[in-house]
Structure formats: C-alpha cells, structure tokens
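Notes follow the structure.
The values are calculated or read from the model by the stated rules, or taken from the named source; none is laboratory data. If you're wondering where the values come from, they're calculated on a predicted model, not measured in any experiment. When we count neighbours, we look across all protein chains shown, and the Cβ atoms used for this are built from the backbone with ideal geometry, even at glycine.
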C-alpha cells in the first residue's frame, strides 16, 4: 500500500515550511492501521494540508526499509524541516507526536 | 487385538557449533531448526558464543547467517570480533549479515509498536542470502521498551512462531540477573524454547571464573552440570566432560630419565606413558632432574613440552646449562617447546585449557611441568586438585610420558598427600630431601613408590656437577647414613682399612706358601733319604744272598774239584737255605 498525498498550498512561502514525513507500516497489522488513522487526524487538525506524507509498507519493500534503518513498526520519520525526528508506535499519544514534530504550542 | 506398530524413535537433528567442548557436552550441538535461549550476566560470553557459532557455520560448512544486534552496534561487534581469529570482515561480505538493530536514544515513543516490521525485513534478507542461522543478540534491550509484560510475551511468541515458520536455527541471547539466576521478566521464555544455556561469570578467590551450563535440552541427552570455559584465540573453549570409565593402555616400553643409576633404581627406566612425581623442598634440584629428563627425551628425537610456572624459559636454560644440560639446541631445532605461565591471574581451569592447546599444537611424546603445585596459587585448592587429576588423565590418554614436580615445605613426603593429592595417581613418586649434618647440606633422593616395577629402597645422594646430575651411594653401615664429605671421609677410612686387610692377607698368604714349600722340600729330602736307605737295604740283601749262594757254590765247586762225592753231600739246592745271620 503506498499513498502519496501532496497538497500544494497557495502561499509560496508556506512551501518552504512544509512538513515532509514518511510512515513505515507493517501491512494491515493493528498498530499500523491505528498509526495511519492517528496520523491523518493529526495532520488534518494541525497541519491543514501543509504536509507531504509517504507511506511505505515494509512487507512490500523490506529491503528499502532495511536500508532506511527501520527496526520496529509502525515508525514515523520526519524528514523536513530540520531537525529530523523519529517516532515509533501507533501514535496514540498525540502530545508526544506534536512535541516530536515541533508542532507543540501552535494553535490547532 | 494387535498392538499398533511402535514408531521408530527419531533422533533430534542437531547442528554443530564448532565450539570446542560444547558439541561434546551437548551431544552434537544445538537443535537444528529450533530456538536456543542463551542467558547470562554482562561479560559472561553470550555474544561471543552466538557469534562464534555463526562464524563456524560459515567457515566450516558454508552456511549463511544473520546476526541481529539489539544491544551493541555493528561496529562494536566487529571490533570485538577482531580479537579472535575468525576473519569476520571477510565473512561479513557474503555469509554473515550483521543487522544493527539498535534503537537510537533520540527516538520518541508514542503508543505501542511491534516487531512484525523487522521480521518482514529479516525474512527478505534470509531469502536473499539463503541463511540457515539467525541470532537475536540482547533481545531484552528491545523488549524493555515495550514496557507492558503482556505485550512482551506476545512479541516473543511472534518471534518464535516466525522462526518455526521459517525453519531457522536460532539463538536468542538475553541478560540475566546473576543474583537470582532467573531471567528478569523473561522466565517464561525458558519454557518456550527447546534448549536453554546459562552462562555464568563469578569471582572465585579473586580470580574471574567463567562457566556454562545446559539447563534444558528438549528431546536430547546432555551433560548437565557446570563446565568451565575460557577465551582463547579462536573464541570460547569449554572444558568438556571426561568419559566416566578410565581406559588407558599400559605400555611395557621403558624410557631413560638421563641418569644411568637412576634408571637402574627403577628397574630400567620410566614406563612410556607413565606419570612421575618429584617432590621436595625448595632448592632440592627438582628442576635439574626434570631438565635432564627433557634433554634426554630430545636426544632420543622425541618432541617434548617443558611447562614452567616458576621461571621464564631463558632463565631455566641458563640455570640448567650450569649443570651440563643443554636445552637451547633442542629449542632451536623445534623438538622442545618451552612455555612459562603466570599463575596469579589465571584460574587452574584456564591453565588446563592452555596446556591442552599446547599439547594439541606441539604433539609432544614427553612432557614436564615444573611445578604443578603452582596451579593452586590462584582460585583455590579444590579447583586445582580437580584440574591436576584431569591433566594427568589427559596425558595418559595421549600416551605422553610426563614428569611433574611439586613443592612441599619441610622434609616430610607425607605432606604432599594433603596438598594436590597427585601422589595417589602418579605412577612413580620420587622424593628429594636435605640431610643436614656437621655443618653440611646434602641432597638425598628416595623412591617412595613406583607402580609396576621393582625399585630400589636405598637412599642415594644426588650430586650436581658441571657434567650433570649424578647419583652416588650413601655410606650406610652401623645404622647411620652419611653423605657428602662425611661420607667421603668414611669411605676413605674404609678404603684404607680395606687395603690394610688386603695387605695383611697377602702377607699371611705368602708366609703360608713359604711354609708349605719348606715342608715340601723337607719331605722331598726325607723321601730321597728313604730311597737311599731302601736302595742300600736292597743292595745289602742282594749281597747277603749272593754271599750265601756263592759260598755254597764254592764249596760245591771245591768238592768237585777235589773229587769228593757229590752225592754224599746233598744237592746244594736241597740244603735248606741258611738262615740269614749277621756275618761275624
């Protein structure tokens, strides 16, 4: 399963500040399904479309996941803007996710 | 109704680890396509064991394997492996894949996660490499992150099922709390896997001692009990159990110990493959005797191993050359291998493993250990005794003729019996002691026992000179034993007395001979006298008879001439013979 969602914001300045993320999931495993749902909710609420998200299925691309250093699933990597961050788990603890993505304190 | 046919028991398939001693005590190695749990405290050897099994499988059988490192980084593992002779970097190209599964400390956790991802990755890698082995090293690190014990259990089951599905021989290593000897939080894992090995590292009398124990092996016999292990150049070596029955061949061949009279004292020499113990207080020349034996073995062209726990090789050779024993030449030719070990820092077990390696390398026919009692310096007397026993049996198994020295304080050989107790297993026991008398110290050598051969009961004196060690008689008469210069004095005295007696004897002999000759001469003279007298007598008798005869003949003739009647006179022959009378 691979989905790329790219929503272009109208403001060019906002492009630079766009959040680029990659989520590694393990097929239809419960934790992974939950992670996708949780992440989408967070994105809707806090990023309002200013994000790029790639979802990689470890079962379909295992060697790529290996190369990327994925150990547990689900695993979310924030690629941009810096600093990079990595979050593991089904993302049920929203506060931690926001903290790691650097979105804490921004108004929803 | 007939009984249903009994199924033939299928032996459990095992796969060798190639680790010395372990394959012996586990009856063939680890269970094939099953999971083994390796538990142990920090630094107890779990990672080395697992990696070594992987390396051996790759090197010896060309089998590929994956090493999943949860605790250490791949780099660290490679660096640690470089201390052994595995050649890991070369193997890491194709046959061994080391997966760095170390979670960075900066990773944030939000909610539950599981291991399905990594298992998928591993599956892909395994298929690509055709790997048959997999090691999960330090899995407790990863599982700690899960925090929930129920979740942990679930993930462990997930791993186990995955391993079973994929037909891999697996080793899982986990840290253990050494105090309670129970795997922290993972006690149930022991019930889940097919084989459990426990590694232990503890201090005994100040020296670290490593042990391993197989606590469970489903479907197989194994040697239960703890076995010591040590770390050698090829990795872990385990001291495997000995077969329970003592089976040694007994040879009748004799080898010389280098001193003729010494060999004679033992009825011809030492038996090939026997063990000889030389005990004595410090300075009684044990090393000299041992050195002579070693030199003699080399002169016979036999490979020899000289193990010393007291001095370095150079010092030994220098000291021995002062008594005419040259080992240097034999070291250079390669016949003699000298090894000097330090006893303080290593346990007796480690010494045994080192000696075993030396024996395997050098393949000696003769061996000397000087002194064996030094093994008891570190790690306690109990361990040293066990090791001494095993060492002697090892040498008997390899048919090595060995001479061992042991130090005992004081002059009483009975004291050895309480120390290392080798005196009971050694075949020959020789004791060196000092005899101090009249301001002089001399060395005495006695044979306490010698199995299977006649031996002299006589104490002899050991004398060292530049020509080498020698045995001389002691002066023993009148209930006293003298050595050294006292003996020399006494011997000189004896000699003088002996010579005097001899001279007296000869003198007396000559006297008697003269007397005999004298008597013979006199007898001769008397005999001659007798002969002369006999002759005279015979002559006189003849004369007398002739005179009588002639007078009667003359008368007859006279009468004839006168013409007298012959017949009136009877025949002179009829005349009774005259009685012999003295002529008046």
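Given the criteria closer than 24 Å to residue A:77 by Cβ and more than 8 Å from chain A (Cβ to nearest Cβ), does residue B:107 qualify? Write out each step before concluding.
Numbers: closer than 24 Å to residue A:77 by Cβ: yes; more than 8 Å from chain A (Cβ to nearest Cβ): no.
No; evaluated as a whole, the condition is false for this residue.
Looking at (1) modelled with pLDDT under 85; (2) touching a helix residue (DSSP H, G or I) at 6+ places or on another chain (Cβ under 7 Å), can you tell me which one residue B:162 breaks?
It fails just one condition, (1).
Restricting to the range A:58-85, and then to whatever is part of a strand (DSSP E or B) and at the interface with another protein chain (Cβ under 9 Å from one of its Cβ atoms), can you tell me which residue is surrounded by the fewest Cβ atoms within 10 Å (Cβ to Cβ)?
My answer is A:85.
Is it the case that residue B:101 is surrounded by 20 or more Cβ atoms within 10 Å (Cβ to Cβ), within 7 Å of another protein chain (Cβ to nearest Cβ) and either closer than 19 Å to residue A:30 by Cβ or under 56 Å from the mean Cα position of the chain (by Cα) (or both)? Write out each step before concluding.
Details: surrounded by 20 or more Cβ atoms within 10 Å (Cβ to Cβ): yes; within 7 Å of another protein chain (Cβ to nearest Cβ): yes; either closer than 19 Å to residue A:30 by Cβ or under 56 Å from the mean Cα position of the chain (by Cα) (or both): yes.
Judged against the criteria, residue B:101 is a match.
Among the numbered criteria (1) in contact with a strand residue (DSSP E or B) (Cβ under 6 Å, 6 or more places away or on another chain); (2) at pLDDT below 90; (3) surrounded by 21 or more Cβ atoms within 10 Å (Cβ to Cβ), which one does residue B:114 miss?
Here residue B:114 clears every test but (1).
Tell me the residue from B:494, B:504 that is surrounded by 10 or more Cβ atoms within 10 Å (Cβ to Cβ) and within 30 Å of residue B:435 (Cα to Cα), please. Before you say what the answer is, go through the steps one by one.
Details: B:504 fails: within 30 Å of residue B:435 (Cα to Cα).
Of the residues listed, the single one that is surrounded by 10 or more Cβ atoms within 10 Å (Cβ to Cβ) and within 30 Å of residue B:435 (Cα to Cα) is B:494.
Residues checked against (1) under 30 Å from residue A:98 (Cα atoms); (2) free of Cβ contacts under 8 Å to residues at least 60 places away in the same chain:
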{"position": "B:14", "(1), (2)": "no, no"}
{"position": "B:17", "(1), (2)": "no, yes"}
{"position": "B:41", "(1), (2)": "no, no"}
{"position": "B:45", "(1), (2)": "no, no"}
{"position": "B:59", "(1), (2)": "no, yes"}
{"position": "B:74", "(1), (2)": "no, yes"}
{"position": "B:90", "(1), (2)": "no, yes"}
{"position": "B:96", "(1), (2)": "no, yes"}
{"position": "B:100", "(1), (2)": "yes, yes"}
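Select from the range B:117-137 the residues that are surrounded by fewer than 18 Cβ atoms within 10 Å (Cβ to Cβ) and either more than 14 Å from chain A (Cβ to nearest Cβ) or closer than 18 Å to residue B:48 by Cα (or both) and list them in ascending order.
The answer is B:130, and nothing else.
Which residues, counting only those in the range B:49-65, are surrounded by 23 or more Cβ atoms within 10 Å (Cβ to Cβ) and under 26 Å from residue A:70 (Cα atoms)?
B:50, B:51, B:54, B:55, B:65
Within the range B:108-125, can you find the residues that are within 15 Å of residue B:143 (Cα to Cα) and without any contact (Cβ under 8 Å) to a residue 12 or more places away in the chain?
Residues of the range B:108-125 that are within 15 Å of residue B:143 (Cα to Cα), as a first pass: B:109, B:111-119.
Scanning the range B:108-125 gives B:111, B:117.
Which condition from (1) in a loop (DSSP other than H, G, I, E, B); (2) at the interface with chain B (Cβ under 8 Å from one of its Cβ atoms) is the one that residue A:28 breaks?
Failing condition for residue A:28: (2).
Only residues that are assigned to a loop (DSSP other than H, G, I, E, B) and either out of contact with any helix residue (DSSP H, G or I) (no Cβ under 7 Å at 6 or more places or on another chain) or not assigned by TED's automatic domain parsing to the domain that holds residue B:284 (or both): list them for the range B:454-471, please. Don't jump to the end; show me each part of the working.
Of the residues in the range B:454-471, the ones assigned to a loop (DSSP other than H, G, I, E, B) are B:454-459, B:466-467.
Correct list: B:454, B:457, B:458, B:459, B:466, B:467.
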